[in-house]
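The structure under discussion appears below in the form of structure tokens.
The values are calculated or read from the model by the stated rules, or taken from the named source; none is laboratory data. What you see is a predicted model, and the numbers here were worked out from it, not measured in a lab. For neighbour counting, all protein chains shown are included, and Cβ atoms are generated from backbone atoms with ideal geometry for every residue, glycine included. Areas reflect the complete protein model, heavy atoms only, side chains present, ligands, DNA and RNA absent. Shrake-Rupley method; radii C 1.70, N 1.55, O 1.52, S 1.80 Å.
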Amino acid sequence: MISALVDAATTHPGLLLIIGTLSIVIVVHLLFTSMFSTISFKRDVNKKTFNTMSDVASLLSNPDSVLSREGVKESIAGYETLFVGARNSVGETSTTDSIELRAKEYQTMVNSFYDLVTDFYEWGWGQSFHFAPRLIGETFEESIVRSEYYLALRTNIQPNSKVLDLGCGVGGPMRNIQQFTGADITGVTINQYQVRVANQYCAQKGIDQQCRSIQGDFQKLAEKFEPESFDAAYAIEATCHSPDRRVCFKGINHCLKKGGLFA
């Protein structure tokens, strides 16, 4: 068969190009399969977990993942049902019925979203899922950390402060602020996968006794915490997920001591 292909390629130069291209594709596929199938997924708080292509490929063996292949499909399908019509008619997802449906199902919507995107956010963004004003000559990472330190200063977070982080993600801001101030910080996220990742990183930093993430709904903070439990609280680009921010802010007020600051 091979000799027949060689003879055919000799008389048809275009066929030779096709055979060569297919051979390269097959070799590259075999190399990538052999390389990445043995890569074990490892989180490292002190560097970007997804620093190289092999790190990204190792996601396929991520033991932290809460979603199987079928789970991914179900999560996407569930999320899309809350936006029925978005691809068919501009504005249809902003009808009263559509808005009420998403408000009612906000827990499912937000949880499904972060099950799907958390690792991709960390890959492309880092451990702090927010933006910051960027000064001339400043790197993206430096601007992020500076904005978090500024928030800590404005809320008067001290070494003996107990602080609440609303919508903490995988905990980048709370770890940076804890190490900057020495405070005790509790992060709340509705997504259990983010809790697992955040607490792994806190342990790797050696600050898990002063900084931890718990699963919770910031619409129901009074169910999670005693009144006046915290000296300060902050939310960074998180309360956009609240279906009713009055309820959220009322819960934050419940948690803060008299004179406590929220930013």
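Run down Phe249, Phe230, Phe218 and say which single residue is touching a helix residue (DSSP H, G or I) at 6+ places or on another chain (Cβ under 7 Å), open to solvent by 20 Å² or more (accessible area, probe 1.4 Å) and of a type outside the set (Lys, Arg).
Details: Phe249 fails: touching a helix residue (DSSP H, G or I) at 6+ places or on another chain (Cβ under 7 Å); Phe230 fails: open to solvent by 20 Å² or more (accessible area, probe 1.4 Å).
It is Phe218.
From Arg134, Arg146, Arg154, which residue is open to solvent by 10 Å² or more (accessible area, probe 1.4 Å), without any contact (Cβ under 8 Å) to a residue 12 or more places away in the chain and among the basic types (Lys, Arg)? Can you show your working first?
Values: Arg146 fails: without any contact (Cβ under 8 Å) to a residue 12 or more places away in the chain; Arg154 fails: without any contact (Cβ under 8 Å) to a residue 12 or more places away in the chain.
None of the other options fit; the residue is Arg134.
Could you list, in sequence order, all residues of segment 123-144 that are over 23 Å from His241 (Cα atoms) and either outside any loop (DSSP other than H, G, I, E, B) or in contact with a Lys or Arg (Cβ under 6 Å, 6 or more places away or on another chain) (or both)? Even if it seems obvious, please write down each step before you answer.
If we filter segment 123-144 for residues that are over 23 Å from His241 (Cα atoms), which is where we start, we get 134-143.
Phe140, Glu141, Glu142, Ser143 - these are the residues of segment 123-144 that are over 23 Å from His241 (Cα atoms) and either outside any loop (DSSP other than H, G, I, E, B) or in contact with a Lys or Arg (Cβ under 6 Å, 6 or more places away or on another chain) (or both).
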Which listed residue, of Gln192, Gln178, is out of contact with any Ser or Thr (no Cβ under 7 Å at 6 or more places or on another chain), over 16 Å from Thr118 (Cβ atoms) and touching a residue at least 24 places away in the same chain (Cβ under 8 Å): Gln178
Counted residues in segment 152-202 being under 23 Å from Trp125 (Cβ atoms) and assigned to a loop (DSSP other than H, G, I, E, B) come to 7
Residues of segment 203-215 satisfying the condition of being part of a loop (DSSP other than H, G, I, E, B) and either open to solvent by less than 10 Å² (accessible area, probe 1.4 Å) or of a type in the set (S, T, N, Q) (or both): Gln209, Gln210
